[in-house]
Amino acid sequence: MDNSVGEIRDVIFETMRSLLRHPVELTDQTNIANDLGLDSVAVMDFVMEIEDKLNVSVPLDRIAEVQTLGDLVETLHNVLSNA
Amino acid sequence: MALLDKFSLMAAQYAEAEAAATNPFSVVLDQVLSPTEAVINGHRTLLLGTNNYLGLTYDPDVIAKSAEAVQKFGTGTTGSRIANGSYDGHQRLEQSLAEFYGRRHAMVFSTGYQANLGIISTVAGKNDHLLLDADCHASIYDGARLGQGQVTRFRHNSPEDLSQRLRRLADVPGDKIIVVEGIYSMLGDSAPLREFAAVKREWGAYLIVDEAHSLGVLGDAGRGLAEAAGVEADVDFIVGTFSKSLGGVGGYCVSDMEGFDVLRVACRPYMFTASPPPGNVAGTLEALRQLRARPVLRRQLNDRGRQLYAGLEGLGFSLGPEPSPVVSVILPEPQAAIEFWKRLLDAGLYTNVSLPPATPKSLSLLRSSVSAAHTAAQIDYALGLFAEIGRAMDFIPAEPKAGRRTAAHR
Ligand SMILES: Cc1ncc(COP(=O)(O)O)c(C=O)c1O
């Protein structure tokens, strides 16, 4: 699979939309904890869904650095490029 | 911005709990009458949330041994074993644990939390990989953060997901270390350990099992899930605690690993904290002796666990996946759990509230744990209160399902 930033973003946004019970506008600047209300465990569970779809494992210290959806896109892009 | 503003979400949740007049996170047991009863808010209360699995906290011999050691060796050790020396009791407890597990080495820690913190942070070095079950206890995640290894989380109780993640790491250098638990503290479910052991062998990884809630609960000899699943030879390190089935405080690790003793001078949560006090060590030694000599306690405990599980299931509550001494009712949201908990407490029954992020899948739980010291009548009494208040709060149907009352009773 070609893991361009755009495709990774699509997967992340789509997964987050199906997770949230009500429609919310998502951008790279959306803060996962403050804007979407996910706690630390919910963030890790969310990343697990993405990991399955992109067939990759993201180390926990990298997840801990993520604050916005844009951070997550970048982290996954980096992990996939170095895989 | 104030220093503690970063906790604003948590503070809101705490305030909500506080508003419930009695806060589930700051209960005071004014007086403890036995392993199953206490005085709370001036009322005699049935305890159904203590993790006191074998009910040994008031055993006369455990108390006598503990008191005798306090008389002989004093109240505290006032230092760490590395800097200030080991006591005879530390060594005897380690020998006793090693012998119980049939392993060459045992190491005692000041708490179970520190045992996980110490072992996990130390055995995984900079280029190694820890693979943690998604539902592992906070002490395991904290140990992983304290150490320098890379941490990967795999789906709860999924040997397939673990295998998939080990496959992704196959060409990456470094040792792979898997951590799972015997019985998970929140929902009372057990790991499919035989399958995990097979994955471990396939990928040449190491395996650590935390038997905190399964020591004295599972296995013919009470050694835990590894014994019950028949895979003790595949488990490289067993970690556990004295604070549940043994009624003390402290933690341990047993292993056959070559060169194990170097951990005593490499493991910071072992070296830089005071060693467990003599009275506690002596009480734990006696409790361990009783765990081994009185298998009837294990039978009683598991009977009570099944009784509570079957009773609550019959009433129509949504529960964890399998019966065990930990039985959790799954509720729709935190406020429901707090309110249910409060009403049960007012009626004379003490349970625990467990809320996200401490729970798996953001569940709000009303958690109970049974003891070998509970009588069948006490569990029936608790079930009566669950039925009455559960119906009043519309968590379960008004009419009991046919036959529920006889479900697991003798
Ligand atoms: C799975 C697990 N491991 C470790 C611990 C820590 O044990 P302790 O309370 O003895 O520090 C606990 C409970 O607190 C636990 O549930």
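Go through the residues of segment B:126-139 one by one and say whether even a single one is open to solvent by 10 Å² or more (accessible area, probe 1.4 Å) and more than 14 Å from every other protein chain (Cβ to nearest Cβ).
no
Evaluate the following for residue B:48: is it away from the ligand (no atom under 16 Å from the Cβ), among the hydrophobic types (A, V, I, L, M, F, W, C), more than 26 Å from residue B:149 (Cα to Cα) and without any contact (Cβ under 8 Å) to a residue 24 or more places away in the chain?
When the stated conditions are applied, residue B:48 does not pass them.
Considering only segment B:64-73, I want to know if a residue exists there that is of a type outside the set (Phe, Trp, Tyr) and under 22 Å from the mean Cα position of the chain (by Cα).
Looking for residues that are of a type outside the set (Phe, Trp, Tyr) and under 22 Å from the mean Cα position of the chain (by Cα), one finds none in segment B:64-73, hence no.
For the condition within 25 Å of residue B:164 (Cα to Cα), at pLDDT 95 or above and in a loop (DSSP other than H, G, I, E, B), what is the one hit in B:230, B:219?
B:230 is the lone residue from the list that is within 25 Å of residue B:164 (Cα to Cα), at pLDDT 95 or above and in a loop (DSSP other than H, G, I, E, B).
Could you tell me which numbered condition residue A:30 fails, if it satisfies all but one of (1) away from chain B (no Cβ under 14 Å); (2) within 10 Å of the chain's Cα centre (by Cα); (3) open to solvent by less than 30 Å² (accessible area, probe 1.4 Å)?
(2)
Is there any pair linking a residue in segment B:62-73 that is under 14 Å from residue B:88 (Cα atoms) to one that is among the aromatic types (Phe, Trp, Tyr), with Cβ under 8 Å and at least six apart or on different chains, and which?
From segment B:62-73, the pairs are B:73/B:87.
Could you tell me whether residue B:270 is among the aromatic types (Phe, Trp, Tyr), in contact with a helix residue (DSSP H, G or I) (Cβ under 9 Å, 6 or more places away or on another chain) and farther than 27 Å from residue A:39 by Cβ?
Taking the combined requirement at face value, the residue satisfies it.
Would you check which residues across segment B:157-201 are polar (S, T, N, Q), open to solvent by 30 Å² or more (accessible area, probe 1.4 Å) and part of a helix (DSSP H, G or I) and list them?
Selection gives B:164 alone.
Based on what the data block shows, is residue B:42 open to solvent by 50 Å² or more (accessible area, probe 1.4 Å) and over 12 Å from residue B:286 (Cα atoms)?
For residue B:42, the condition - open to solvent by 50 Å² or more (accessible area, probe 1.4 Å) and over 12 Å from residue B:286 (Cα atoms) - is met.
Yes or no, residue by residue, for (1) more than 14 Å from chain A (Cβ to nearest Cβ); (2) among the aliphatic types (A, V, I, L, M); (3) open to solvent by less than 10 Å² (accessible area, probe 1.4 Å); (4) more than 27 Å from residue B:133 (Cβ to Cβ):
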site	(1), (2), (3), (4)
B:334	no, no, no, no
B:338	yes, yes, yes, yes
B:343	yes, no, no, yes
B:347	yes, yes, no, yes
B:352	yes, no, no, no
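Residues to consider are B:110, B:121; find the one that is open to solvent by less than 30 Å² (accessible area, probe 1.4 Å), within 16 Å of the ligand (Cβ to nearest atom) and within 14 Å of another protein chain (Cβ to nearest Cβ).
Just one listed residue meets the conditions, B:121.
Can residue B:371 be described as touching a Pro at 6+ places or on another chain (Cβ under 8 Å) and among the polar types (S, T, N, Q)?
Yes: the conditions hold for residue B:371.
If a residue must be touching a Lys or Arg at 6+ places or on another chain (Cβ under 8 Å), more than 30 Å from residue B:82 (Cα to Cα) and of a type in the set (Phe, Trp, Tyr), how many such residues does segment B:266-325 contain?
The qualifying residues number 0.
Residue B:305 passes all but one of (1) in contact with an Asp or Glu (Cβ under 9 Å, 6 or more places away or on another chain); (2) small (Gly, Ala, Ser); (3) part of a helix (DSSP H, G or I); which number fails?
(1)
Might you let me know whether segment B:240-247 holds any residue that is open to solvent by 10 Å² or more (accessible area, probe 1.4 Å), farther than 24 Å from residue B:355 by Cα and away from the ligand (no atom under 16 Å from the Cβ)?
no
Condition first: surrounded by 13 or more Cβ atoms within 10 Å (Cβ to Cβ), within 14 Å of another protein chain (Cβ to nearest Cβ) and among the acidic types (Asp, Glu). Can you find one or more residues in segment A:39-46 that meet it?
Checked segment A:39-46: at least one residue is surrounded by 13 or more Cβ atoms within 10 Å (Cβ to Cβ), within 14 Å of another protein chain (Cβ to nearest Cβ) and among the acidic types (Asp, Glu).
State all residues of segment B:140-156 that are open to solvent by 20 Å² or more (accessible area, probe 1.4 Å), at the interface with another protein chain (Cβ under 8 Å from one of its Cβ atoms) and of a type in the set (S, T, N, Q); if no residue qualifies, say none.
The answer is B:150, and nothing else.
Here's a check for you: in segment A:56-82, which residue that is out of contact with any Leu (no Cβ under 9 Å at 6 or more places or on another chain) and within 8 Å of chain B (Cβ to nearest Cβ) is most open to solvent (accessible area, probe 1.4 Å)?
Across segment A:56-82, the extreme among qualifying residues is A:61.
The values are calculated or read from the model by the stated rules, or taken from the named source; none is laboratory data. Remember, predicted model here, so these are calculated numbers, not experimental data. Ideal geometry is used to build each Cβ from the backbone, glycine not excepted, and the neighbour counts take in all protein chains shown. For the accessible areas, the whole protein counts, side chains as well, though only heavy atoms, and no ligand, DNA or RNA atoms are used. Shrake-Rupley method; radii C 1.70, N 1.55, O 1.52, S 1.80 Å.
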